[in-house]
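Engineer: Quick one: structure below, then a few questions.
The values are calculated or read from the model by the stated rules, or taken from the named source; none is laboratory data. Just so you know, these numbers come straight off a predicted model, no measurement behind them. Cβ placement follows ideal geometry from the backbone for every residue including glycine, while neighbour counts extend to all protein chains displayed.
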Amino acid sequence: MVVAALVFTVLAIGADVLIRSQESDFAFTRTEVAARRVSAAVRQGSMQNPLPEGPYGVRFLQVVDADRRVTAASRAVAGRPPISTVVPPPDNRLERLYVCPAPDGSCLTVVAVRVAIAPRSPVVYGARPVPAILAGPYLELVLAGCALLLTAMATWTTWQVVGRTLRPVGAVRGQLAEISISDLSRRVPEPPGEDEVAQLARTANLTLDRLERSVRRQQQFASDAAHELRTPIAALRLNLEEIVLRPDDAEVGEAARGALRSTDRLEGIVADLLLLAQIGTGADIPEDLDLSALVDGEVRARRPASRGPDDRRPPIAVNAELAPGLRLRGVRAQLERLVDNLLDNALQYAATTVDVRLARSADDAVLTVGNDGAEIPRADRERVFERFARLDTARSRDAGGTGLGLAIAREVASAHRGSIVVDDVTSGTRFSLRLPLLAEPDAQAPSDASPR
């Protein structure tokens, strides 16, 4: 639009200059012809009075003597003073000028012709009105209107042509935006033809094919590896338990118990890796769930929340305020694991209290799980969601976790088109989970969750 406006503005300015220049030359040339005829008649002594009108509509003709008296005039200017006071010099017997305003209020194109080079030579004046469109800013207004109209037409035409051309690009972009790692089976629409847009769509689909195969191979490898590791780990656990129950040596028994704890951790890592490999693969079928009831069940399972046998600190108070009837669509086992991981993380690092809140925000359910323990530094608030992430010693009261809990929580949230972040709070730590609710939640759905 800007380019079109600049182009048409330049063209309008050029047209204005050209039209005015040509019209000016045209008017002066015709007026000059009429004035020279009268001048020739004066020199030949055949001048008439009143003067006949000249050709091309030159109606204003006067002959003025050296004393500035009108000696002859055409009927249109009979009895009027000289049209102009300009007297051409002897060395330049012709002058062109504009008289504006003229006695009648118009503008005139005037040509003054000196009859002879003698000092007291009479002067012939010929004049014709300037066209109205050139007398004021009318020509500029007309050209400006034409430029605006052409700019609008060019903009509309460009919008239609570009829109029709880029409409397939918009469809490709929209489809690509909806494709996620949890659903790589979708493809972008391929418009017919062999233009750049059609080739782009086909290339995008080929890339998605390769990406889907690569992701499927990675997920299959992780799943197979986790399954294959379960058998030797289970056998190792069995052997270690037998050594612990019937040790031949006390030191061997203690070492076996340490190895058994490491085996428990290894088993947990394998199980978590298997879960990560399965999230978003479509292996689990989603269903309509009552999120309020699900969170309430996980909270009840942790009341009262006591410490470990070697921890002499008082039990942790778990406070919950859950909005009832919040329903969504998802995989129950994965969502239970998500809530379970958030609660376990809060209980692990809490000093005395864990606060759980579930509420509705527009079309989303928002679950916040906070504790009054150590604060997570701002620089580490994204790193805690990385796999096997470890922060500083201020939050390292680790009881043998796998380091995958929060990573699993985020993966589950993403697979359910949600998000999870660490909130900016004045003290302690608070995680916020946001999940989309069903478009039309059933208000009559049963729920055993109630505000507390």
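Engineer: Kindly indicate whether A439 is outside any loop (DSSP other than H, G, I, E, B) and modelled with pLDDT under 90.
Structural biologist: Taking the combined requirement at face value, the residue does not satisfy it.
Engineer: Still on this structure: Filter the strands (runs of 3 or more DSSP E) completely within the stretch 327-391 down to those with at least 1 residues that are in the same structural domain as V412 (by TED's automatic domain parsing), out of contact with any Cys (no Cβ under 9 Å at 6 or more places or on another chain) and acidic (D, E).
Structural biologist: Correct list: 353-361, 364-371.
Engineer: On to the next question. Going through the stretch 24-62 one residue at a time, which ones are free of Cβ contacts under 8 Å to residues at least 40 places away in the same chain and over 14 Å from S74 (Cβ atoms)?
Structural biologist: Hits for the stretch 24-62 are D25, F26, T29, V33, A40, Q44, G45, S46.
Engineer: Next question. Looking at the stretch 2-10, can you tell me whether even one residue there is surrounded by 19 or more Cβ atoms within 10 Å (Cβ to Cβ), assigned by TED's automatic domain parsing to the domain that holds P88 and not in a loop (DSSP other than H, G, I, E, B)?
Structural biologist: The answer is yes; a qualifying residue exists.
Engineer: Another question, then. Return yes when S39 is assigned to a helix (DSSP H, G or I) and hydroxyl-bearing (S, T, Y) and no when it is not.
Structural biologist: yes
Engineer: Among the candidates R217, R257, which residue alone is part of a helix (DSSP H, G or I) and at pLDDT below 75?
Structural biologist: Answer to the selection: R257.
This table checks each residue for (1) touching a strand residue (DSSP E or B) at 6+ places or on another chain (Cβ under 7 Å); (2) in a loop (DSSP other than H, G, I, E, B); (3) at pLDDT 85 or above.
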| residue | (1), (2), (3) |
| --- | --- |
| G280 | no, yes, no |
| I285 | no, yes, no |
| D288 | yes, no, yes |
| A293 | no, no, yes |
| D310 | no, yes, no |
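Engineer: Would you check if I19 is within 22 Å of P131 (Cα to Cα), touching a Gly at 6+ places or on another chain (Cβ under 9 Å) and in contact (Cβ under 8 Å) with a residue 24 or more places away in the chain?
Structural biologist: no
Engineer: Let me ask something else about it. Would you point out which residue out of V115, V111, V86 is out of contact with any helix residue (DSSP H, G or I) (no Cβ under 9 Å at 6 or more places or on another chain), within 23 Å of T29 (Cβ to Cβ) and either touching a residue at least 24 places away in the same chain (Cβ under 8 Å) or not assigned by TED's automatic domain parsing to the domain that holds R43 (or both)?
Structural biologist: Step by step, each of V115, V111, V86 is checked, and only V86 is out of contact with any helix residue (DSSP H, G or I) (no Cβ under 9 Å at 6 or more places or on another chain), within 23 Å of T29 (Cβ to Cβ) and either touching a residue at least 24 places away in the same chain (Cβ under 8 Å) or not assigned by TED's automatic domain parsing to the domain that holds R43 (or both).
Engineer: Give all pairs with beta carbons closer than 9 Å in which a residue from the stretch 234-259 that is within 21 Å of V270 (Cβ to Cβ) meets a residue that is modelled with pLDDT under 70 and not in a helix (DSSP H, G or I); count only pairs at least 6 apart in sequence or on separate chains.
Structural biologist: A256/P247
Engineer: Moving on to the next point. Do the conditions hold for S74, that is, is it buried (at least 20 other Cβ atoms within 10 Å of the Cβ) and either touching an Asp or Glu at 6+ places or on another chain (Cβ under 6 Å) or of a type outside the set (A, V, I, L, M, F, W, C) (or both)?
Structural biologist: Answer is yes for this residue.
Engineer: Suppose we filter the stretch 16-52 for residues that are touching a helix residue (DSSP H, G or I) at 6+ places or on another chain (Cβ under 7 Å) and modelled with pLDDT of 80 or more; how many remain?
Structural biologist: Counting residues in the stretch 16-52 that are touching a helix residue (DSSP H, G or I) at 6+ places or on another chain (Cβ under 7 Å) and modelled with pLDDT of 80 or more gives 6.
Engineer: Still on this structure: Just checking, which of A73, A116 is assigned to a strand (DSSP E or B) and either farther than 18 Å from Q48 by Cα or modelled with pLDDT under 90 (or both)?
Structural biologist: A73
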